[in-house]
Amino acid sequence: MNNHTIQIIDVAKILSDWVNEEVSEVRGRSVRWLSERHFFRDPMRSIQSDTDYFFAPADGVIIYQRRVRQEDSVIEIKGQNYTLKEALRDPNYTAQFSLVVGIFMTFYDVHINRIPYPGILSYRELEPIDSFNKPMLAMENSIVDDLTIDHDAAEYLHCNQRVLNKIDSLDLGFSYYVLQIADYDVDSITPFDLSDHRAYQQNERFSQIRYGSQVDLIIPLDGSTGFELLLEEGNHVEAGVDPLLKIKRPFSV
């Protein structure tokens, strides 16, 4: 049990509130201004640390959260299943059941990614399926303009460049994953430290994806540890600030 539990303040916003309060302030700015002055911001934050929770690894909108098997559909995209096995492309991943939370990072979001639970990080870039990444603009327009989550706009999930980050947690006794997916014409998932097998603290900055992207948190569920989902699809979260899951640890005897 965590002996340093802090008070968790839920600041996640429903989608319409986030768009009205934060996106509307800069929406009329030019693409050049957004690219040069807004996109690369890295604001100071009161970062939380509480190992009773998994925090959001990225700023953005939760577009799905599912408990699935590897062959199960995480979402259906224009009648075609997008499975966890397709997402991970990792033959060494053997968990029968997993929890998957997908966070879409719009152009208006901070693009600094953070470690949601402390552990030892290793990573590898997965081989691309197509020659070019597909654009994510349709999903962004669905979120920002229509205030909806249109899974049919997520065709990029089938093919785009991705980096699979594996975090080994000694505390939990298993490894979980943060999957970074890049947008069209980007090819720039940039870790801040190129060395593998480095220890990271909870909510420490570890990487950036440039110009729109998605980050998925993937947790195996085959052990005795359980998880309670705290937010809803469509909520907007901030990395290092908003808890996504509460850990339900087994009782000690």
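More than 18 Å from Ala239 (Cα to Cα) and in contact (Cβ under 8 Å) with a residue 60 or more places away in the chain - does that describe any residue in the stretch 57-70?
Checking the stretch 57-70: at least one residue is more than 18 Å from Ala239 (Cα to Cα) and in contact (Cβ under 8 Å) with a residue 60 or more places away in the chain.
Filtered by the rule that a residue be of a type in the set (A, V, I, L, M, F, W, C) and more than 16 Å from Asn133 (Cα to Cα), the stretch 153-179 gives Leu164, Ile167, Leu170, Leu172, Phe174, Val178.
If I filter the stretch 207-233 down to residues being part of a strand (DSSP E or B) and among the hydrophobic types (A, V, I, L, M, F, W, C), which single residue comes out as modelled with the lowest pLDDT? Looking at the filtered set, the residue picked out is Ile209. Residue pairs whose Cβ atoms lie under 6 Å apart, sitting 6 or more positions apart in sequence or on different chains, and linking a residue in the stretch 72-94 that is in contact (Cβ under 8 Å) with a residue 24 or more places away in the chain and buried (at least 17 other Cβ atoms within 10 Å of the Cβ) to a partner that is outside any strand (DSSP E or B) and among the small types (Gly, Ala, Ser), are Ile77/Ala154. Applying the selection to the stretch 4-34, what residues are modelled with pLDDT under 85, in a helix (DSSP H, G or I) and either surrounded by 14 or more Cβ atoms within 10 Å (Cβ to Cβ) or in contact with a Phe, Trp or Tyr (Cβ under 7 Å, 6 or more places away or on another chain) (or both)? Matches in the stretch 4-34: Leu34 only.
Yes/no matrix, rows are residues, columns are (1) crowded, with 16+ Cβ neighbours inside 10 Å; (2) not in a strand (DSSP E or B):
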site: Ile103; (1), (2): yes, no
site: Ile120; (1), (2): no, no
site: Arg124; (1), (2): no, no
site: Ile129; (1), (2): no, yes
site: Phe132; (1), (2): no, yes
site: Met139; (1), (2): yes, yes
site: Ser142; (1), (2): yes, yes
site: Asp146; (1), (2): no, yes
site: Leu157; (1), (2): yes, yes
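If the condition is being touching a helix residue (DSSP H, G or I) at 6+ places or on another chain (Cβ under 9 Å) and either under 15 Å from Asn235 (Cα atoms) or touching a residue at least 24 places away in the same chain (Cβ under 8 Å) (or both), then the stretch 137-150 contributes Leu137, Met139, Glu140, Ser142, Ile143, Val144, Leu147, Thr148, Ile149, Asp150.
Within the stretch 184-206, can you find the residues that are modelled with pLDDT under 85 and buried (at least 20 other Cβ atoms within 10 Å of the Cβ)? Listed by number, the list holds a single entry, Ile189.
For every residue, the table says whether it meets (1) at negative phi; (2) out of contact with any Lys or Arg (no Cβ under 9 Å at 6 or more places or on another chain); (3) of a type in the set (Lys, Arg); (4) not in a strand (DSSP E or B).
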position: Arg41; (1), (2), (3), (4): yes, yes, yes, yes
position: Ser49; (1), (2), (3), (4): yes, yes, no, yes
position: Phe54; (1), (2), (3), (4): yes, no, no, no
position: Tyr64; (1), (2), (3), (4): yes, yes, no, no
position: Arg67; (1), (2), (3), (4): yes, yes, yes, no
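Pro116 meets each of the listed conditions (1) surrounded by 20 or more Cβ atoms within 10 Å (Cβ to Cβ); (2) closer than 22 Å to Tyr156 by Cβ apart from (2).
Looking at Asp42, is it among the acidic types (Asp, Glu), surrounded by 15 or more Cβ atoms within 10 Å (Cβ to Cβ) and over 13 Å from Val237 (Cβ atoms)? No; evaluated as a whole, the condition is false for this residue.
The values are calculated or read from the model by the stated rules, or taken from the named source; none is laboratory data. Fair warning: this is a prediction, and the values are worked out from it, not measured in the lab. Cβ: placed from backbone, ideal geometry, glycine included. Neighbour counts: every protein chain shown.
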